[in-house]
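Working notes for the structure below.
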Amino acid sequence: MNGNRSVLSGWRAYLYILPILIVSGLFLYYCIGFTVYTSFHSWNGIDSEMKYIGFDNYIKLFDDKSYHIALRNNLVFFIFTVGIQAALGLMLAILLRAKLRGHSIFRSVYFIPTIMAPIIIAAIFRIIMDTNFGSLNEGLRALGLDFLAVSWLGDPKYALMSIIIVNIFEWMGFSMTLYYSALLAIPDEIYESAKIDGSGFWRTLFKITVPLVGGTTSTLVILGIVGSLKTFDIVSLLTGGGPGRSTEFLTTYVYKKAIEEFNGGMSAAAGVTILIIALILAVLQIQYTNRQQRDL
Amino acid sequence: MFINLRKLDKWIIQAVLAIVAVVWLYPLVQSVIKSLGINGFGNYLAVINHPKVNYFLVVFNSFFIAVCTTLAVGLLATLAAYAFSKMQFKMKNVLFYSLVACLAIPATAVMSPLFFTAKTLGIMNSYSGVILPLVAFNAPFMLLILKNYFDSIPNAILEAGMIDGCTSFRMYRTIMIPLGIPAIINIAVLTFIYSWNDYIIPLLLIRDEEMYTVTLATQFFTGTTNQTPEMVAQLYAALILMTIPSIIVYMFGQNAMKSGLTAGAVKS
């Protein structure tokens with residue numbers, strides 16, 4: 001990594017890492033170990049009684065159609081939210097960078113949802129997206145666009161898309177803020193010489209701006225994968241994984257198996273698959289930050 | 001990207017920004033208007049005087065939990081990042097990577113053992129019952145950001161400190177913390193937002209209404225089947241009341257948030 005040799009050594013170093021190790025030991029490592037252990041057992045999630053059944057939970061899990069739906073939904077959700085949040089965020093950051101009157105007010109407006117709890121945003125959108133009384137459909141009907149006034153949360157065709165829209169609303173301002181700071185670091189001279197060379201808007205965008213904010217884009221992609229893996233509150237309040245199981249996510253799957261179906265074993269097996277994905281993500285993140293540091 | 005804009009271009013840019021702003025403000029503005037329907041400010045009074053949910057206590061709970069989590073993550077992660085960045089000891093890399101490997105784990109993935117651990121430790125329905133898991137799940141990512149930043153602080157400064165006879169803890173206080181401020185603000189802002197907004201940990205570990213956080217209280221109001229227009233208006237009033245603290249925190253910490261989000265972690 002870096003060529004610096006460490007300046008201090010000795011047993012005292014362990015005192016500095018002891019507090020974080022204790023907390024992680026209790027709430028991370030123990031919980032991970034317990035989850036892996038129960039995933040090989042038949043367990044109702046409540047009693048102390050467990051029966052070893054080998055890989056049965058995993059076999060049942062991989063046969064379960066709603067688990068496949070959850071995996072697919074997590075992937076689709078990640079691709080669309082990260083892609084659209086980044087594109088929209090970058091576009092608005094570029095427009096804000098022109099620093100016209102009121103730009104700092106606009107920045108605050110876009111950022112507000114990020115500091116609001118997802119559960120509150122979801123509660124507001126649940127009413128707005130209501131099929132009969134929601135203001136979204138009322139507005140569409142008033143404009144004569146009745147055919148667009150669909151059942152946003154109640155129709156399996158649209159429910160996942162609606163969740164994605166709400167997530168974009170929540171996090172676009174976050175992407176915009178990161179891009180905006182990255183753009184501030186690009187000197188105007190680069191754009192001036194591009195203009196003299198006759199480079200048009202789109203060419204300048206893709207040949208200069210997008211490559212120069214590449215670091216921010218990678219950060220957003222990683223935060224986006226981690227975020228989509230953690231997504232629970234928006235889904236549980238907007239659709240609860242329904243209608244049917246069309247908007248099941250990995251987290252809602254784990255939750256339902258344990259709390260509603262008392263199948264602690266399968267819930268743990270699904271939890272282990274999340275842990276494996278999370279581990280792969282962590283490796284990617286560590287490699288990425290190490291590379292970034294070498295490049296400096 | 002925009003240099004020597006013509007007047008028309010400026011108008012177009014302003015118009016696009018304004019249209020997006022209207023879309024982004026609409027849900028909030030609509031909530032405010034509807035929260036004043038039927039009983040006017042009576043809806044707000046009804047939420048504040050709710051027999052089961054004590055609004056001010058709920059806000060205090062969330063605030064207290066978020067502040068303590070932020071302080072604890074800040075302390076634990078800076079101490080560990082200092083050791084991992086500037087000290088030499090056995091198992092250093094193994095310990096570091098096994099901590100950071102947990103950075104993407106959602107609490108939901110290990111929800112059953114989390115519940116039993118809290119029960120065994122006797123911290124269900126308590127502040128520490130929410131704070132400790134929040135610290136555990138947030139600290140790994142913050143450790144990575146901090147260690148990265150601490151690596152960029154030259155060792156020569158610490159060596160000078162050692163020659164002057166500073167203890168390692170004194171160097172932590174007088175060198176690492178002051179020089180690490182940009183990254184520390186960055187992780188503090190992220191931890192505060194994440195712990196204020198967290199829903200699953202309080203959902204699993206809190207039952208008493210006295211311990212409700214903002215997110216749990218919100219769920220309490222949405223959970224009731226809100227059929228009557230009075231109840232919908234009251235729900236909106238509750239949502240606005242639950243949002244106000246975030247907006248106040250944002251107004252006070254705005255500059256720290258905007259600069260803090262980008263310092264340290266994001267080197268573009």
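The values are calculated or read from the model by the stated rules, or taken from the named source; none is laboratory data. It should be emphasised that the depicted structure is a prediction, and the values quoted were computed from it without experimental measurement. Neighbour counts run over all protein chains shown; Cβ positions are idealised from the backbone, glycine included. Note: areas computed on protein heavy atoms with side chains; ligands, DNA, RNA excluded. Shrake-Rupley method; radii C 1.70, N 1.55, O 1.52, S 1.80 Å.
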Here the FRET efficiency for B:ALA156 versus A:TYR29, based on Cβ atoms and R0 = 30 Å and rounded to 0.05, is 0.25
Restricting things to alpha carbons, tell me how big the range A:21-135 is in terms of Rg and Dmax, in Å. 22.7, 67
Give the calculated FRET efficiency between A:ASP63 and A:ARG12 to the nearest 0.05, with a Förster radius of 56 Å applied to their Cβ-Cβ distance. 0.60
Those helices of chain B passing the 30 Å axial Cα length cut-off and the mean Kyte-Doolittle cut-off of 1.6 (DSSP H runs only) are B:55-86
Local electrostatic count at A:LYS256 - Lys and Arg +1, Asp and Glu -1, tallied over other residues with Cβ under 15 Å: -1
State the Cα centre-to-centre distance between the range B:58-109 and the range B:1-33 in whole Å. 39 Å
Built amide H within the under 5 Å cut-off of B:SER126, gap 5+: none
I need the shape label for the range A:103-262. Rule: rounded when a/c is under 1.5, else prolate if a/b > b/c, else oblate, with a, b, c from the alpha carbon gyration tensor. prolate
For B:ILE163, A:ILE53, write out the residues from largest to smallest accessible area, computed with a 1.4 angstrom probe and no ligands counted. B:ILE163, A:ILE53
Normalise the Cα radius of gyration of the range A:160-229 by 2.2 N^0.38 Å (N = residues in it) and let me know the number. 1.38
Projected onto their principal axes, the Cα atoms of the protein assembly as shown stretch, largest extent first, over whole-Å spans of 76, 76, 48
Which of A:ASN137, A:ASN167, A:ASN74 fluctuates most in a GNM of chain A (C-alpha springs under 10 Å)? That residue is A:ASN137
Calc'd 3J(HN,Hα), the range A:49-61, phi into Karplus 6.51 cos²θ - 1.76 cosθ + 1.60 (θ = phi - 60°), Hz, glycine/Pro = x, comes to 7, 9, 10, 6, 10, x, 8, 3, 4, 5, 4, 5, 4
Quick one: among A:SER228, A:SER24, A:SER181, which has the greatest mean-square fluctuation in a GNM of chain A with alpha-carbon springs under 10 angstrom? A:SER24
Under 1.5 on a/c is rounded, so check that first for the range B:1-139, then, if it is not, pick prolate when a/b is larger than b/c and oblate when it is not; a ≥ b ≥ c are the square roots of the alpha carbon gyration tensor eigenvalues. oblate
I'd like the projected area of chain A, averaged over all directions, using the convex hull of its alpha carbons. Report it in nm² with one decimal. 22.7 nm²
About the Cα centre of the protein assembly as shown, what is the dipole size in debye to 20, counting +1 per Lys and Arg Cβ and -1 per Asp and Glu Cβ, all else neutral? 1260 debye
Neighbours of A:GLY139 by Cβ distance under 13 Å: Lys/Arg at +1, Asp/Glu at -1, summed charge -2
Order of B:216-222, A:195-201, A:211-217, A:267-273 by packing, highest average Cβ count within 10 Å first? A:267-273, B:216-222, A:211-217, A:195-201
Average beta-carbon neighbours from other chains, 10 Å sphere, peptide B:17-27: 6
At 222 nm, what helix-only mean residue ellipticity would chain B give, in deg cm²/dmol to the nearest 500, using -39500 (n - 2.57) for each DSSP H run of four or more? -23500 deg cm²/dmol
What is the Cα centroid distance between the range A:210-269 and the range A:81-144, reported in whole angstrom? 21 Å
In terms of modelled amide H atoms, which long-range or inter-chain residues lie less than 5 Å from the amide H of B:GLN88? A:LEU8, A:SER9, A:GLY10
Taking the convex hull of Cα positions in the range B:92-207, its mean projected area over all directions (nm²): 8.8 nm²
Measuring from its Cα centre, chain B shows a charge dipole (+1 at each Lys and Arg Cβ, -1 at each Asp and Glu Cβ) which, in debye to the nearest 20, is 560 debye
Computed on Cα atoms, the radius of gyration and Dmax of chain B in angstrom are 23.1, 74
Could you name the aspartates and glutamates in cross-link range of A:LYS157, using Cα to Cα under 16 Å and dropping any fewer than eight places away on the same chain? A:ASP130, A:GLU248
Where only alpha carbons of the range A:200-296 are counted, the Rg and the Dmax (Å): 18.8, 61
Counted charge near B:ALA160, where neighbours are those whose Cβ lies closer than 14 Å (Asp, Glu -1; Lys, Arg +1): 0
When the helix-only estimate is applied to chain A (DSSP H runs of n ≥ 4, each -39,500 (n - 2.57), divided by the residue count), what is the mean residue ellipticity at 222 nm, nearest 500 deg cm²/dmol? -22000 deg cm²/dmol
